Amino acid sequence: MEEVATQTIRERFAVVLRELGITPYQLAKEAGDKPTKIYNILNGKARPSYDTLEGLLEKYPQINLNWLVSGAGGMFKEESGEDTATGGALLPFTPYPFVSLRGQASFVKGYAGDCGYGDLDIYQVYSTEGTDYPGAAVMEVEGNSMSPRLVHGAKVLAVCIDRDDWCYQSSGIYAVMYRDYFVIRRIKDNDLLTRNMLTLHSDNPEAGSMPVPAKDIRGIWKVVRVVEAPVD
């Protein structure tokens, strides 16, 4: 097998397909994915999701997942000194509560504050540094108000902000629950201390901005990472 000198997960993903002698369509069928999803990974438009990696390893357990995700070790487990039967070392996947589009309404309705998430689905997030974010959740973006930075269906990891710290948040993208609404917007003007008002801005110039009174705010989360970004 030729020496692999690629650095990105997209390039390593392509090398895996070439070495295994399989097509993107064949991998999609075997891993239970849509072919467009595999092509988007190979074209650099998306990163492999947890489900895609799990499907790949289930069908081809000889692949060293540590190498595929981070470039550590060899492509195959035998090259890395790992036991194929036991699956080798575990990667740092962290389960987070997942606020999906279909579950957003019930999340808003049942949210009682204090970063409580109730009975939500779980989304596995991989971190090359093994970083864990206490009080965080994965949230799905609805609409294109934050396009092109965040498009409809993108998934972001957001950390819950303590109520006492709401007035100090600025210069970032946040998920904000106010009244019966749940939106992901950018905070530029935070006047909670002076005027009891928070202004939420859209990156899409056609979407504009919205002022939100402090009394209407129920929860604020700071977006710290994009975990999945579909093609716009």
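One table, with the values for the structure above:
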| item | result |
| --- | --- |
| Every residue from region 205-222 that is assigned to a helix (DSSP H, G or I) and within 16 Å of G172 (Cα to Cα) | none |
| Total residues in region 97-119, condition outside any loop (DSSP other than H, G, I, E, B) and either in contact with a His (Cβ under 6 Å, 6 or more places away or on another chain) or among the charged types (D, E, K, R) (or both) | 1 |
| Hits in region 7-34 - residues which are in contact (Cβ under 8 Å) with a residue 60 or more places away in the chain and exposed (fewer than 15 other Cβ atoms within 10 Å of the Cβ) | Q7 |
| Output for region 41-60, where each listed residue is of a type in the set (K, R), surrounded by fewer than 17 Cβ atoms within 10 Å (Cβ to Cβ) and part of a loop (DSSP other than H, G, I, E, B) | K45 |
| Matching residues, region 153-201, being part of a loop (DSSP other than H, G, I, E, B), in contact (Cβ under 8 Å) with a residue 40 or more places away in the chain and surrounded by fewer than 16 Cβ atoms within 10 Å (Cβ to Cβ) | D180 |
| Some residue of region 187-203 being small (G, A, S) and in contact with a Pro (Cβ under 9 Å, 6 or more places away or on another chain) | no |
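Throughout, read-outs are computed from the coordinates displayed, never taken from laboratory work. Keep in mind it's a predicted model, so treat the numbers as computed, not measured. FYI the Cβ positions are ideal-geometry reconstructions off the backbone, even for glycines, and counts take in every protein chain you see.
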